[in-house]
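The values are calculated or read from the model by the stated rules, or taken from the named source; none is laboratory data. Since we're looking at a predicted model, the values are computed, not measured. Ideal geometry is used to build each Cβ from the backbone, glycine not excepted, and the neighbour counts take in all protein chains shown. These area figures cover heavy atoms from the full protein model, side chains too; ligands, DNA and RNA do not enter into them. Shrake-Rupley method; radii C 1.70, N 1.55, O 1.52, S 1.80 Å.
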Amino acid sequence: MTARQRRPSAPQQPQRDKAIRAVLAQIPFDGWTQAAFVQGMAQIGLPQGEASLLFPQGIQDIIVEFGRMADTAMEERIRKDRGFIKLRIREKIAFAVRVRLEFLLPYREAMRRLMIWYAMPLHWHLGARRLYRTVDLMWRAAGDTSTDFNFYTKRGLLAGVVKATTLFWLDDESPNCRASWEFLDRRIAEVLKVGQTLSKLKTG
């Protein structure tokens, strides 16, 4: 089993989350670099050897865990919302995207720098895997049970929505990010039309 595949034990997770937040505090100054990782570990007094055991791949592990934290927060908000199950599919998807970005609001500068990091040729594959993980969770939370070509079509289309909305949200200064949620609703409406057209072409 590789370092990426290993999962932390339950007692380790609080310490990992504390370390992740310590590194996130350094990102606006040092970017997604090993220097930010080292400084974050130093801030919480975590010895280098122990930090290496918790995060064998250093800053890359922090990036993966940052995404996991956001996904977990999104899933918790969905579970706690009593009205979620009554929403239409498009409303469930919009809710999932929105609550994930709301969790990320305190880390908006870190997200801005992460989007740049993901755009680098050596990193795009990690960004693609993380994004797929997120949109798959969103569709599953919305009740998607497709197993045919629609399974991948839906996730590909939603990946575009999430990425475009995130880029818009990074520079949104409207009250309570209202412009971002309006932008999100428009993008979802557009991709639903595309998805319906593709389904007709496939079955036609």
Inset, instruction - Select from region 132-188 the residues that are among the β-branched types (Val, Ile, Thr) and in a helix (DSSP H, G or I) and write down the one among them that is farthest from the chain's Cα centre (by Cα). - result: 153
Legend entry - Restricting region 79-94 to residues that are among the β-branched types (Val, Ile, Thr) and closer than 23 Å to residue 169 by Cα, the residue that is modelled with the highest pLDDT: 93
Legend entry - Pairs with Cβ under 8 Å, 6+ apart, first in region 130-149 and closer than 17 Å to residue 98 by Cα, second open to solvent by 20 Å² or more (accessible area, probe 1.4 Å) and among the charged types (D, E, K, R): 131/163; 134/100; 137/75; 139/154; 141/75; 141/92; 142/92
Legend entry - Contacts under 7 angstrom Cβ, first residue in region 93-113 being closer than 23 Å to residue 156 by Cα, partner open to solvent by 50 Å² or more (accessible area, probe 1.4 Å), 6 or more apart: 94/185; 95/87; 99/77
Inset, instruction - Say whether the condition of being of a type in the set (Val, Ile, Thr) and at pLDDT 95 or above is met by at least one residue in region 29-36. - result: yes
Inset, instruction - Determine if region 83-97 includes at least one residue that is closer than 16 Å to residue 36 by Cβ and assigned to a helix (DSSP H, G or I). - result: no
Legend entry - Unique match (being loosely packed, with under 14 Cβ neighbours inside 10 Å and under 22 Å from residue 69 (Cα atoms)) among 140, 108, 113, 98: 140
